[in-house]
Structures are given as structure tokens and as C-alpha cells.
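Here's the structure we're looking at; comments come further down.
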Amino acid sequence: MNALKTGVLLAALTLLIMWIGRMIGGPGGMMVAFLFALVMNGVSYWFSDKIVLAMYRAKPVTEAEAPELYSIVGRLTAQAGLPMPKLYILPDESANAFATGRNPNHAAVAVTRGLMRILDQGEVEGVLAHELAHVKNRDILISSIAATLAGAIMMLANMARWGMILGGMGRSDDDNGGALGLLATVIVAPIAAMMIQLAISRSREYQADVTGASISGKPLGLANALLKLENASRVIPSQASPATAHMFIVNPLSGKSMAALFSTHPSIPDRVNRLRAMAQERGQY
């Protein structure tokens, strides 16, 4: 199913970019846009994880630099039957985390400095188990690709907007180009980027919560972490890009903008209630 979703997203990007190219430059622009889309598809598949990590200035850490982090992840990967991912720390005082990569053998898990500061060991374990669940469930590729595609679409929208402002684009008499084409691009492209985010089903977060709680054996650790992370996001807002918001364990845009209304994340109270029900079934709550 994730392979099908990935293919659909790549096809949607290609068609959208070709449409934008035609609106701006007519048939010639559409051909250039098609070539650009082919390049973007390849880049998204092979390098989306590196792009996202670079975007947040993620720093790879060694076991000597973060022994507690390595110890927890090493124990959890052994329990989950997964290879050890690369570990990164984001120089951000907001509290959040995400996983990326194209498969379990090329996975990376990143946590913010703020998360490590406010969570206790059991809560950090819950968060890391959730991120490893994304790796185990093989939905990190589609998440990483969606972030790259949404970013590319927003870049095209910015190019079209500046083209309108500077008057250097869209001067053709071609009915398919011109100012109307640019205006349509400026309006439609951000909406399309948001729709790509919404294509990442909220069910993936529920499933990662369940799988992560099973890996760690401590549903309450993750439940408590989610509550702390939500509260922390109000105190120290994240500077996350809307294009990558769906990758984080809690919505980094919560309460910040209209984008929060279209969140790919389920509500924290709902997730916590489900985890507490799991703990109760295990006799832990």
C-alpha cells in the first residue's frame, strides 16, 4: 500500500509541475517542467532524507557523544528486529522528533535538543519507539518524499509570485500563459502542497503509536511524552516548515497558523486515550 501511495505522489507531482509549466510558458514550458519533474522524482526518492535533515541542520551524533540515546535505540531496535538507524540531534529548543529514510537499512532518527531536555528516560524511550515504528511499518519513505514534493511545489509558487511582482514572466500572448496562469499557480500550488500533506494518512500516527508501544512495552511512556511535547510546543514554538510538518511526532504548527486546521496529526488527547487503554489492557494503568 505504501509503494502505491508513493507512486501516486510521484505521479501527482509530475502532473502538477507540468500543469504549472504550461500555465507559465505554454507547450515549451510544459516540456521543461516535465524534465524538471523527472529530476525531482529521482531526487525525492534517493535524497529526500538528506534534504530534510539538512533543512533542520541536523547533526549526526556518535555513541560517545550521546551514550544514553544510543543505549535506548540499541535496545529498542533489538526488540523490534531492526537495524540500528543513524542518529541525529537538531539544534532546536522546541521539543519534537522525526524519522526519515527510504527503508529500514537507510533510516535516520532525529530528536531536538529541547526534547532531550524536557523528557525523562521512559518518555524518550516512548518517543524513540514511536519513530522506530515508522521505520518498521515502512512509511518513512512516503513521509520523506511528501516533504520534498511539498517543498518543491512551494518553491514553484514563490517563483511564480516573484514573476508576477517583477513582471519578468507571463508576458506571452499565449492564452495558456500570462498573468492569469501565474495567478492560478500562486493560488493553486500552496493548496496542492497542503493536499500532499493530507495524503499522509493520520492513521499512520495511530499505527506508529500502537507499534511503538508494543516495541517498548510501555504505552504510558509515550502517552506522557505526547502530553509534554504538546505543552512544550506552546511555550517554545517550532520553526518547522509547513512542508515537513507531517514528519514530526507532534504537529509543530499547532496553534501557529491556518495550517494547523489541516493537520495530518490526530489530536493528542485522542492518541493519549488510546495509549492509556493499551496500558490498562496490559495491567499497567
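Bear in mind that the values in this text are calculations on the coordinates, not laboratory data. Since the model is a prediction, treat every value here as computed from it, not as a measurement. Heads up, the Cβs are rebuilt from the backbone with ideal geometry, glycines too, and the neighbour counts pull from every protein chain shown.
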Rounded to whole Å, √(5λ) for the Cα gyration tensor eigenvalues of segment 20-137, largest first, gives 36, 16, 11
Label model pair Gln280, Ala12: point-to-point distance (7 angstrom along the Cα→beta-carbon line) in nm is 3.6 nm
Most packed first (mean Cβ within 10 Å per residue), the peptides 104-114, 234-244 order as 104-114, 234-244
The pairs in Lys136/Lys218; Lys50/Lys228; Lys5/Lys86 lying past 22 Å Cα-Cα in this model are Lys50/Lys228; Lys5/Lys86
Full extension between Glu63 and Leu38 adds, at 0.36 nm per residue less the Cα distance, a length in nm of 5.1 nm
Descending packing, highest mean Cβ count within 10 Å first, for 135-143, 66-74 is 135-143, 66-74
